[in-house]
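Every number in this text was worked out from the coordinates using simple rules, so none of it is lab data. In this text, all values refer to a predicted model and were calculated from it rather than measured experimentally. As a convention, Cβ positions derive from the backbone with ideal geometry for all residues, glycine included, and neighbour counts pool all protein chains shown.
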Protein chains: 2
Amino acid sequence: MVIAEKNNKEKLKASRDEILEKIKRTGEKLIKEIDKGDNPALEIPVRGSRNVEFDEKNKKLVLGDKIAHRYLFNVGHAKKFMQTMLVASYVKKDLLENNLTATLRDLYYAKKRTIAGTKEETIEEQKESDLAIVDFEVSLDTFREKLHLRAEPKGRIAGDMVVTDRVRDKVDSIDLSRMGSGGWAVPSIVEQIEFKDVGAEYVLVAEKNALFDRLNEDEYWKKNKCMVMTTAGQAARGARRFLQRLNEELGLPVYILTDADPYGWYIYSTMKYGSMALAHESDRLGCPNAHFIGMSISDIEHYDLRSVTIKAKDVDIKRAEEMKEYEWFKSKPWQVEINKFLEKKIKAEIQALSSKSLQYVSNTYLPEKIANKDFLP
Amino acid sequence: MVIAEKNNKEKLKASRDEILEKIKRTGEKLIKEIDKGDNPALEIPVRGSRNVEFDEKNKKLVLGDKIAHRYLFNVGHAKKFMQTMLVASYVKKDLLENNLTATLRDLYYAKKRTIAGTKEETIEEQKESDLAIVDFEVSLDTFREKLHLRAEPKGRIAGDMVVTDRVRDKVDSIDLSRMGSGGWAVPSIVEQIEFKDVGAEYVLVAEKNALFDRLNEDEYWKKNKCMVMTTAGQAARGARRFLQRLNEELGLPVYILTDADPYGWYIYSTMKYGSMALAHESDRLGCPNAHFIGMSISDIEHYDLRSVTIKAKDVDIKRAEEMKEYEWFKSKPWQVEINKFLEKKIKAEIQALSSKSLQYVSNTYLPEKIANKDFLP
């Protein structure tokens, strides 16, 4: 354990050093260009839908190869150039060199000021520094957690596993099978977490907090040798990355449980493939092997839930029609699912199963689904 | 420990039995009325602003003594009467007798059906059963957690304390000083939690997740012998009740940290006094001894944060003008605070302190505030 922790500490330091080295090289390149009398430029991969592709083989949304150059001596680029430099300086000097983490908002406040002798602000609004951060991430080919930038954390987990987590030099061993009714709160940065004593054989992710509480009270994870996690709605970055690590590093299958509606499918697809807005980070946040365990539109009939369905709204129909065209929903089973929804125009919440009995989801629905491998891809 | 847990188990069973007995008595009263040929009636304290008072002595929003009668044989009451009976039956038979918990939505789905021989639904929309639950709570003079009804949980905690939590017969001992960077997720029901090994001397509650992460990374709770908790915005019921228990049972002072704006004051006042909508539950959810540690409008000057303030919006001004008239903001220091805001028309986020330095809040601002007892009441 002591050796493992020493190794982890060194691994984390090596990761910081690698980023520091990349930042240094970027700086040196710019200085060289200035010394030569060139117009210094940053190379930044283009984001946005015109440079986002679906990588069929790896099943991820990824950035294409379009690159933009941002020049210091260009009226349209100069301010953004400066903002990217402010981000670089903050990440290097305030965060990585001190081994501290901060939020995007901390960075904004730290670097916002009036430029001496002018009425110009370095950063007017936070969205400017946020964009500069994304630019900086993609130009370094990394992701913000490695730059020690935290996002809003969300999600809870419990199950048959011990993890160690590190806060600077303090290392805690956390037994996720002993988290009471609360569960362990999944942090915003999970790079430092190590997996120990893994008894779990799969991960069940519930979109809803209420389902986590249900499954935890029913000791579902104990009876079924698994982890139970909730994302409490759309999954936060920390939860997505944690899930990816559980899947890729431990080889645990991941099953995702949402409401039977287009919003549920969207939550699922974001965890699985990444999102358009964050296509540059699918590699670090996506979980392409995840399965959709339910609730499916077919379940409504199969489990006789017709009387507790909800009429689909126009916005649901519209969303479903759009999703039907997405490349990553083109598989036969998903087309059948979406068509069934468009035909019946009904949706259902996962809690509709409570109409059968409170523990039906834990004792019947999920075990049946898993035994029959009744998943959508 | 074993004896304490046995006692706790018995205490929890006694609490369930007490509610079961109350439900039984209510049922017997109704049956007696029916047998006598009377019109059976439920007595339900009136909620809503016309029956909400500010209890000056105990510093809580409370219900007045207006009582409404709900009759079975009254066209306007009959459906609500039936819905309250459905709630009573679910709470008694499905939850308390099985020692299970459920959400308001589970109850809705479990009791929603078409009444035989009619096209009438027992419950059309969830808000109907939600109202019936509140009626039932106040008529039994209890709160929904004691009825084993869960709300959406939110909030994380860490610090110098061990708690035990119980999920049915499983008892976990949770060391809140060993929760890594995530913290322990505060559950929706906290009645079963017992406090052990309390090293903490006060509780610091940050409205914002980001502040929890900052303070946890800086080991604030370790250096300052305290608990650090975040409510992640407006506090959930579980977090409010947990805070009350920390304050009243352990005698720990509670300091609340929000943005310097009317929304922050509102979050504070809900934790402290309860809310209008939940006045019937202030006794169980309020924390009248809590102090507002910041950020105050005076702090903006004192800590030289003028350059990182935000112009107040019309809605902020309007909200502040309303709050100025609330009885529970009538104390001199709050009137000064609100007037200062109305005069300057600026607000500030707590993260504005990051403009000084990342760890300023942990190393300077909070220790100074606490040493100087620089609080608002």
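My understanding is that a pair violates if its Cα-Cα distance is over 21 Å; which of A:Lys196/A:Lys222; A:Lys225/B:Lys154; A:Lys29/A:Lys93 do that in this structure?
A:Lys225/B:Lys154
Report, in degrees rounded to the nearest 10, the 0 to 90 angle that the Cα long axis of helix B:262-273 makes with the longest principal axis of chain B.
That helix lies at roughly 50 degrees to the long axis.
Near the axis that takes chain B to chain A, which B residue has its beta carbon closest, and at how many Å?
Value returned for chain B: B:Ala185, 2.
For A:Leu342, which inter-copy label distances result when the label point lies 7 Å beyond Cα on the Cα-to-Cβ vector, reported in nm to one decimal and in ascending order?
5.8
How far apart, in nm, are the 7 Å Cα→Cβ label points at A:Glu33 and B:Gln335?
Between A:Glu33 and B:Gln335, the simple spin-label model gives 6.2 nm.
Would you mind giving the mean number of other chain beta-carbons within 10 Å of the Cβ of each residue in B:186-195, as a whole number? Intermediate results must be reported in sequence, preceding the final value.
On the way: counts 5, 8, 5, 3, 3, 0, 2, 3, 0, 0.
For this peptide, the per-residue mean of nearby foreign Cβ atoms is 3.
Count, for each residue of A:161-167, the Cβ atoms from other chains sitting within 10 Å of its Cβ, then give me the mean as a whole number.
Partner-chain Cβ atoms within 10 Å, mean over residues of A:161-167: 3.
Give the average, rounded to an integer, of partner chain Cβ atoms located within 10 angstrom of each Cβ in B:102-113.
Average neighbour count from other chains, rounded to a whole number: 6.
With r as the distance between the Cβ atoms of A:Lys196 and B:His69 and R0 = 41 Å, compute the FRET efficiency 1/(1 + (r/R0)^6) and round to 0.05.
In this case the efficiency is close to 0.10.
How large, in Å, is chain B by the Kirkwood hydrodynamic radius built from its alpha-carbon pairs?
22.7
Measuring label to label, 7 Å along Cα→Cβ, what does A:Glu248 give against each other copy in nm, shortest first?
4.9
Across the Cα atoms of the protein assembly as shown, what radius of gyration and what greatest pairwise Cα-Cα distance (Dmax) are found, in Å?
Expressed in Å, the Cα Rg and Dmax of the protein assembly as shown come to 27.5, 103.
Place the label 7 angstrom along Cα→C-beta at B:Glu33 and in each other copy, then list the distances from the first to the rest in nm, shortest first.
8.1
What does the charge add up to near B:Ile346, with Lys and Arg as +1, Asp and Glu as -1, over the other residues with Cβ less than 10 Å from its Cβ?
Counting the neighbours of B:Ile346, the net charge comes to +3.
Rounded to the nearest 500, what is the 222 nm mean residue ellipticity of chain A from helices alone, with -39500 (n - 2.57) per DSSP H run of 4+ residues and division by all residues?
Values: 13 runs with 148 residues, N = 377.
After summing the helix terms and dividing by the residues of chain A, the value is -12000 deg cm²/dmol.
Gap in Å between the Cα centre of region A:294-334 and the Cα centre of region A:131-202?
Cα centroid of region A:131-202 versus Cα centroid of region A:294-334: 32 Å apart.
Taking the beta-carbon count within 10 Å as an exposure proxy, list B:Met295, B:Met85 from fewest neighbours to most.
B:Met85, B:Met295
Pull out a ≥ b ≥ c, the square roots of the eigenvalues of the alpha-carbon gyration tensor of region A:199-371, then state rounded if a/c is under 1.5, prolate if not and a/b is larger than b/c, and oblate in the remaining case.
Taking the square roots of the gyration eigenvalues as a ≥ b ≥ c, region A:199-371 is oblate.
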